[in-house]
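What follows is calculated from the coordinates using simple rules that are stated; it is not laboratory data. From a predicted model like this one, the values you see are computed outputs, not experimental measurements. Positions of Cβ are generated from backbone atoms using ideal geometry, with glycine treated the same way; all protein chains shown enter the neighbour counts.
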Amino acid sequence: MGFGFLTIPFAFDLMYKRGIELDILLDHDHVSLMEEGFDKLKKFETSLITYDEFIESCQQLLKGRIRQPDLAKDLFLLFSDQASTCFQFEKKYKALARSDFFLFTLVDLALSNEWVSDFLPYWYSIARPILLLDDFRDIEEDRLKGEENTIIEMGDDKAAVEQAYSLGKQDLALLASVNPLLAGFILELLDDSMNYAPIRQMIT
């Protein structure tokens, strides 16, 4: 479905709706930095570099370009399995924390700590449902490969499916307050995912 690519314009639209000016979001240096960061993430995901090499490359990429130091510090702490000091991230379900790498795209912007704290719930309101869509669709493959999957984390049973679906709906209710069209679109996909054969087998 290509949702991984769609997440980028969706997220930029969300940032704009939460108050970041368009000329800042679309600044050439900012967009180029984001592209370089995603290139490094792709290399890690395809095992071209190790996790430690990925984190080191991010530190080098951001050197001299950080304008939100508290967020940058907390993200590097988070990805080193240490406690964050300023912000609250997704920690309950590891499979849903995959989206936090995207937050590095904010550290080169002069944003207040108050703005970041306010933005994070909205970020998760779009990121978690999109990840859940992948988890519903890939449940069988993730079982076989031992990949991270929220439904498996929650217990891999009927109750886990219902809990994951409920979490997605809660997030989309918040997203609807800023982008009702997108929230409705994702909710339709989430509803449809309950009809996937492997999911139907779990809940019937």
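Relative contact order, percent, of the stretch 3-203 when contacts are C-alpha pairs under 8 Å separated by at least 6 residues?
Dividing the mean separation by the residue count of the stretch 3-203 yields 19 percent.
So which of LYS94/LYS169; LYS91/LYS169; LYS40/LYS92; LYS17/LYS42 end up more than 21 Å apart, counting from Cα to Cα?
Checking Cα-Cα distances, LYS40/LYS92; LYS17/LYS42 exceed 21 Å.
Mark the label point 7 Å from the Cα of ASP81 along Cα→Cβ and return the residues of the stretch 46-66 whose backbone N is within less than 17 Å of it.
50-56
Where does each of 103-111, 74-82 land if you order them by average Cβ count within 10 Å, highest first?
103-111, 74-82
With label points built 7 Å along Cα→Cβ from the Cα atoms of LYS63 and HIS28, find their separation and express it in nm.
In this crude label model, LYS63 to HIS28 measures out at 2.4 nm.
Checking a compactness column here: for the stretch 124-170, what do you get for Rg(Cα) / (2.2 N^0.38 Å), N being the number of residues?
1.05
Restricting to DSSP H runs of at least four residues, report the calculated mean residue ellipticity at 222 nm for the chain, -39500 (n - 2.57) per run over all residues, nearest 500 deg cm²/dmol.
The helix contribution divided over the chain gives -20500 deg cm²/dmol.
Using Stokes-Einstein with the Kirkwood hydrodynamic radius over Cα pairs, what translational diffusion coefficient do you get for the stretch 3-203 at 20 °C and a viscosity of 1.002 mPa s, in µm²/s rounded to a whole number?
In µm²/s, the coefficient rounds to 120.
How would you rank 121-133, 29-41, 142-154, highest first, on the average number of other Cβ atoms within 10 Å across their residues?
Taking the mean over residues of other Cβ atoms within 10 Å, the ranking is 121-133, 142-154, 29-41.
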